[in-house]
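Worksheet: one structure, shown below.
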Amino acid sequence: MELILVNLIDGLVTGLLLFMLSAGLTLIFSMMGVLNFAHASFYMLGAYFAYQISLALGFWAGLLFAPLIVGVLGAGIERYGLRRVHQYGHVPELIFTFGLALLIEELVQFIWGKNQMPYSVPEVLDFTAFSIAGNSIPAFKIFMIFISISIFIGLLFVLTKTRVGMIIQAALSYPRTVEALGHNVPLIFMGVFGVGTALAGVAGVIAGPVLGTFPGMAFVLGSIVFVTIVIGGLGSLWGALVASLLIGWITTFAKSYNIAMSDILNGLGFATPENMSENPLRDLWTVTSPQIADILPYILMVLILIFRPAGLFGKRET
Amino acid sequence: MTDQITTDPGKPAQRMRAGSLTLTVAPWIIAAIALMIMPLIFQSNSALTIMNQMWITVIFALAYNMLLGQGGMLSFGHAVYMGLGGFFCMHIMNYVEDFGLALPLPLLPLFGGVFGMGFAMIIGSFSTSGAGTRFAMISLGVGELIAACSVIIVAFFGGEEGISGDRTYGLPFFGIEFLKQIEVYYLISFWLILSALLMYLFSRTPVGRMANAVRDNPERAQFLGYSARWVRFYSFCASGFFCGIAGGLFAISYEILTEENLNAASSGVILLVTFLGGVGFFFGPIIGAIVFTLLQTVLSLQTELWAIYVGALFLATVMFFPGGLAGLIMMHVPAYRLGKARGLVVPYIKTLVPAAIGILGICALIEMVFHYRHGATGDVEMTLFWTTFDSHTVLPWVIAGAIALVGIGIARATAPSLKEAWDEANTAGGAS
C-alpha cells in the first residue's frame, strides 16, 4: 500500500514534467498545425542555461532567467526561421524543426562538451520532505510538483479568463477573422511560440538536476512528448494533462512492479517450455514489465491512433 | 529522368506524360557506364567502401522518396524496413551457411525486399488511412517499438551486439565467391541500377501517378473514384520492398546488423538525405545520398564538428531552397532553354566565390573556438587548411575574422547584380 503511494508521487512528478513540455507543444500545434520537433531541445537548452547561470548567480536566478532566455530564443526562431519556411507548407516546417533539433544538440555539444554537467539540486531544497514506510520523498520533488501545478493553473487562467487569452484562443481557430478585427496575429503566434518554449525551458531548469544535464536529454524525452500530445488529442490542454499523468504513472508502475510474462502466460494456462534456450519464443517468456516500461507509451499511442485517431480529448482528426 | 514530378500550378504548359511508361534511355546508360568505370578511377579499398555505402544509401533514399516526395507521406521510422530486411537476409545467410542451401548470394536482397514489403503491408494496413501528422506519428511509434524490441527479442535481433554472418560461405555464383570488395561493389551497382529503374517505372505507372494526385489533393482523387488509402498503401508497400533490398545489400556489404540500423537516428538521417537532395525530382535523393555520404565520410575525417556543418547546411536548405539540391539545379533549366545561362557565369563567380571563402573563414573561427575550449591543456597547436599555428595567439583569429568579413562583405555587395543577371537570364527576349 505504501509502495503504491510512493509510486503515485513518483509518477506524478514524471507526468507533470511531461505536461510542462506537452502543454507548450500542444499550444504551438493548435496554432500552426505543425509539431515542433525541437521542443525537447528547448527543454535541454533550459537546463544548460540554468546550469550556466547557477554557476554565477545561484539556482533561483537560473530558474528565473533561463526560461526567459529560452523563450526569447524560441520567439526569434519563430520570427526568422519558421515564419519563412511556413510559406512552403507543413512538411518543410516539420522538417525544419527536425533539423533544428539536430543542430541544437550539436551546438550544445560544441559549447558544453559531451559529458554530463554537475548541475545539482540547490542546498535549500536538498533535504527529505517526509518519508513513507522507509521511502524518503525529497523536497525537490515536492517543489517540482508545486511549480508544475502553479504553471498549469496560471496557464488555464490566462487562456480562459483574460482578454489576451481570449484573443489567443480566437486566433487559434479563426486567424483571418481575428486579423480582420485589427489584432496582430503573427505577433500572437510569435508570442505563443515564445511562451511555449519558455515553458519547456522551465521544465528543463527543474528537471536538469534530477534527470541529469547531458546532450542526450532532449532525445530521451523528445519522442515521448509527441506521444503524450497525440494520446491526449492534438491541441487539447486537458488532454495533454491527462495523457502526461497517464504515461507518468504507467511507466513508473511498470518499472517498480516486476511482472514477468511467464507468470501471466502460466496464469493463462500455458506451461513453461522445458528447453528454454532452444525455444524460438524464449524472449517472449523472459520479458518482464520493467523491460518494456519505456515502450508502453508507444504501444498506447499506436493503439489510440488506430481506434481513436482524435486522441482522448481531441476534437479533430490528426 | 529530368521529368519533373511535381505539378506546379504556375506552369500550366508543362509537358505531362501521365501514365505512360516511356523513358529517356540516355541518362540510364550513362549512369550504368559511370557505375562500371568508377572503381577503375577510385581503386583504393576505402573508396570502394564509401561507394558501396553511397549506393546503398541511394537505393534507400529513392525508396524513402517514393513516400515523401511522390506520396506526400512523412515517415519518421523508415529505417525499420531497411533494418528488418537486412536482419532477415542475415538470418538467411547464416541458414545457408549451416545447412548448405543452394541459394546464390546475388539473389539475397530479393528476400530482404519481400520481407520488407511484408512488414510494410502489416504496418501499412492501419497507418496509411491518413497522411500527414497521423501517418508521421504512427511511423514514429512503430519505429521506436521495433528499435526497443531489438534489445528485448534477442532470438531475432541478437540483442546489443546484433547479428553477424559471412557472405562467402554460400555457393559460388558463376565462380564468384564475393571475397573481394570489388565483387560486392558490382553486385550493389547491379541492384542499384535495377531498383532505381524499377522505382522510376513505378512512378510512371497509373498507381505512381495517382500517388501524386493523392498527395496534392486526396479529396479530389477520391471523387475520381480512387481510394486514397489504397493508393497510399501500394506506395508504402513498394517503398518497403526497396528499403528491404537496401537492407539486404547492407547485410552483404557489412556482414553485421545491429540496433543502430533500426533506430530513430538512422530514420532521421534518411529524411535529411532525401530532403537535402530534393524531394520534388526523381534524381534528387540520388544527389542527396552522394553528397551526404561524401560529407559524412570525408568531412568527418577532417573535423569533429562535421555534424554541425551538416545540420547548418540542412537548415539552410529547408529555409532557402526547399527544392533541395535538385531543385537548385533545375532552377537553371529555364535560363538554359532561353540560351542565357552563359550570362550567369560571371555574376556567379563574383558572388559565390567570395561567399564560399567567407564561409570557410567562419568555419575556421568555429574550429578555433572549439580547439580553444576543448583542446587538451598545453596543446596550443592546431592545423587548419594545411597550416599549423598557435590557437592561443591573436593573429590567426584576426586573419580568420578578416577573411570571413571580407568574403561575406564582397558577396553581399555583388548580390544585387547577381539578382539582376538572374532576372535577365530568366526573361524571354531582349538583347543577350
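The values are calculated or read from the model by the stated rules, or taken from the named source; none is laboratory data. Just so we're clear, the structure is a prediction, and the values are computed from it rather than from any experiment. Cβ placement follows ideal geometry from the backbone for every residue including glycine, while neighbour counts extend to all protein chains displayed.
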So, in segment A:95-124, of the ones that are surrounded by fewer than 17 Cβ atoms within 10 Å (Cβ to Cβ) and away from chain B (no Cβ under 14 Å), which residue ends up nearest to B:Ser75 (Cα to Cα)? A:Gln116
What number of residues within segment A:190-248 satisfy the criterion of being assigned to a helix (DSSP H, G or I) and not hydrophobic (A, V, I, L, M, F, W, C)? 15
Residues (within 14 Å of chain A (Cβ to nearest Cβ), touching a residue at least 60 places away in the same chain (Cβ under 8 Å) and in a helix (DSSP H, G or I)) located in segment B:151-194: B:Val151, B:Phe156, B:Phe157, B:Glu160
Can you run down the residue pairs with Cβ atoms below 9 Å, 6 or more apart or on separate chains, where the first is in segment A:227-247 and aromatic (Phe, Trp, Tyr) and the partner is crowded, with 22+ Cβ neighbours inside 10 Å? A:Trp238/A:Gly232
How many residues does segment B:76-112 contain that are under 21 Å from B:Val154 (Cβ atoms) and either in a loop (DSSP other than H, G, I, E, B) or touching a Lys or Arg at 6+ places or on another chain (Cβ under 8 Å) (or both)? 1
B:Met121 meets each of (1) within 17 Å of B:Gly86 (Cβ to Cβ); (2) more than 10 Å from chain A (Cβ to nearest Cβ) with one exception, condition (1)
Of a type outside the set (Asp, Glu), facing chain A (nearest Cβ under 10 Å) and buried (at least 21 other Cβ atoms within 10 Å of the Cβ): which single residue out of B:Leu108, B:Leu84, B:Leu74 fits that description? B:Leu74
Going through segment A:104-124 one residue at a time, which ones are free of Cβ contacts under 8 Å to residues at least 60 places away in the same chain and either basic (Lys, Arg) or in contact with a strand residue (DSSP E or B) (Cβ under 8 Å, 6 or more places away or on another chain) (or both)? none
Taking interchain pairs and intrachain pairs at least six residues apart, which have beta carbon atoms under 7 angstrom, with the first residue in segment B:135-150 and in contact (Cβ under 8 Å) with a residue 40 or more places away in the chain and over 16 Å from A:Thr228 (Cα atoms) and the second part of a helix (DSSP H, G or I) and charged (D, E, K, R)? B:Ala147/B:Glu259; B:Ser150/B:Glu259
Here is a list of conditions, (1) farther than 26 Å from B:Ile287 by Cβ; (2) surrounded by fewer than 23 Cβ atoms within 10 Å (Cβ to Cβ); (3) within 14 Å of chain A (Cβ to nearest Cβ), and B:Glu255 meets all of them except one; can you say which number that is? (3)
Selected residue (criterion: surrounded by the most Cβ atoms within 10 Å (Cβ to Cβ)) from residues of segment A:214-229 that are among the β-branched types (Val, Ile, Thr) and at pLDDT 85 or above: A:Ile229
So which of B:Val279, B:Val231, B:Val214, B:Val207 is among the β-branched types (Val, Ile, Thr), away from chain A (no Cβ under 14 Å) and within 26 Å of B:Val25 (Cα to Cα)? B:Val207
Only one of these is surrounded by fewer than 15 Cβ atoms within 10 Å (Cβ to Cβ) and within 21 Å of B:Gly77 (Cα to Cα): B:Glu177, B:Glu144, B:Glu160. Name it. B:Glu160
All positions within segment B:239-289 that are of a type in the set (A, V, I, L, M), assigned to a helix (DSSP H, G or I) and within 23 Å of A:Val91 (Cα to Cα): B:Ala264, B:Ala265, B:Val269, B:Ile270, B:Leu271, B:Leu272, B:Val273, B:Leu276, B:Ile286, B:Ile287, B:Ala289
Odd one out for B:Asp8 among (1) modelled with pLDDT of 80 or more; (2) farther than 22 Å from B:Ile163 by Cβ: (1)
Within segment A:106-127, does at least one residue satisfy the condition of being under 18 Å from A:Gly196 (Cβ atoms), aliphatic (A, V, I, L, M) and modelled with pLDDT under 90? no
Do we find that A:Gly74 is surrounded by 15 or more Cβ atoms within 10 Å (Cβ to Cβ), part of a helix (DSSP H, G or I) and more than 10 Å from chain B (Cβ to nearest Cβ) in this structure? yes
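Can you tell me which residue within segment B:285-332, out of those that are among the polar types (S, T, N, Q) and within 14 Å of chain A (Cβ to nearest Cβ), is nearest to B:Ala47 (Cα to Cα)? Working first, answer last.
Going through segment B:285-332, the residues among the polar types (S, T, N, Q) turn out to be B:293, B:296-297, B:300, B:302-303, B:317.
Pick out the ones that are also within 14 Å of chain A (Cβ to nearest Cβ) and you get B:296, B:300, B:303, B:317.
Working: B:Gln296: 13, B:Ser300: 15, B:Thr303: 19, B:Thr317: 27 Å.
Among those residues, the one meeting the criterion is B:Gln296.
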Assess whether B:Arg134 counts as being of a type in the set (D, E, K, R) and either touching a Gly at 6+ places or on another chain (Cβ under 6 Å) or more than 28 Å from B:Gly100 (Cβ to Cβ) (or both). yes
Can you name the number of the only condition in (1) at pLDDT below 80; (2) buried (at least 22 other Cβ atoms within 10 Å of the Cβ); (3) in a helix (DSSP H, G or I); (4) not aliphatic (A, V, I, L, M) that A:Thr251 fails? (1)
Looking only at segment B:317-356, which residues are at pLDDT 80 or above and on the phi > 0 side of the Ramachandran plot? B:Gly324
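Do we find that A:Leu21 is modelled with pLDDT under 90, assigned to a helix (DSSP H, G or I) and either more than 17 Å from the chain's Cα centre (by Cα) or not aliphatic (A, V, I, L, M) (or both) in this structure? Explain how you work it out, then say what you get.
Details: modelled with pLDDT under 90: yes; assigned to a helix (DSSP H, G or I): yes; either more than 17 Å from the chain's Cα centre (by Cα) or not aliphatic (A, V, I, L, M) (or both): no.
Judged against the criteria, A:Leu21 is not a match.
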Output yes when any residue across segment A:139-154 is assigned to a loop (DSSP other than H, G, I, E, B), of a type in the set (Ser, Thr, Tyr), within 30 Å of A:Pro215 (Cα to Cα) and touching a residue at least 12 places away in the same chain (Cβ under 8 Å), and no when none is. no
Please find, within segment A:80-94, the residue that is surrounded by the fewest Cβ atoms within 10 Å (Cβ to Cβ) out of those that are within 7 Å of chain B (Cβ to nearest Cβ) and modelled with pLDDT under 85. A:Tyr88
